[in-house]
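Report on the following structure.
The values are calculated or read from the model by the stated rules, or taken from the named source; none is laboratory data. The model shown is predicted, which means the values in this text are computed figures rather than measured ones. Cβ sites come from the backbone with ideal geometry, for glycine too, and all protein chains shown count toward neighbours.
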Amino acid sequence: MKFLPSDRFSKKAFNFYNGFVNMLVILTVPIIILTLIIAILIILYDLRLFTAHIAGGRIVLEHEEAFKLLIKNILNFFVLIELFRVFLDVIEYRRIRKRQMLEAGIVFVVREIIIAMFDQRVTYTDLIGYAVLLIALGVTYVLIERSWIDLMKATRLKPSEGNFTDEIKHIYKKLKVKKVEE
């Protein structure tokens, strides 16, 4: 097995990878904070525009446009927060959690629906597409939560209990995981 790298080489490569990822995190976190601050400032500026239209008594097309812009930027802020939550989990756990990706997807789809409704550019085919997408994301989210809850219930049982193996088999059957025979 001369083609496999030595254990020492693997450790060095792993340490290099961890150092590289840590450096990227150190560089990325200030950018994330700056992005959130800029998003808040944009929302405050849009709010100023919206209130200026109301205070001036000009409730016309500009008022509607300012309101739409304010809503779009607030919804963009929510999507940014969800994406940054996913990024922070990647930093903390070194993996992407499916549940939080689904949450970000649901927030993004709802944002798109609201923006399309405000712009009055929604057709029935768009609504059907959004509905199918939301149902798929929602069902996937529920199934992931359910399997997680079942797994947590099973791991809280002690191996000395008689029904422990039956509970594990039940969970594997629910998850459709086949036991590998050795």
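Listed by first and then second residue, the pairs linking a residue in the stretch 71-86 that is touching a residue at least 40 places away in the same chain (Cβ under 8 Å) to a residue that is hydroxyl-bearing (Ser, Thr, Tyr), with Cβ atoms under 9 Å apart and 6 or more places separating them unless they lie on different chains, are Leu80/Thr35; Phe84/Thr35. When Thr165, Thr125, Thr155 are checked against the criterion of being modelled with pLDDT of 70 or more, part of a helix (DSSP H, G or I) and of a type in the set (Val, Ile, Thr), Thr125 stands alone in meeting it.
Screening Val79, Val21, Val29, Val86 for residues that are outside the structural domain of Tyr141 (by TED's automatic domain parsing) and modelled with pLDDT of 85 or more leaves exactly one candidate, Val79. Checked against the criteria, Leu69 counts as crowded, with 16+ Cβ neighbours inside 10 Å and either assigned to a helix (DSSP H, G or I) or touching a Phe, Trp or Tyr at 6+ places or on another chain (Cβ under 6 Å) (or both).
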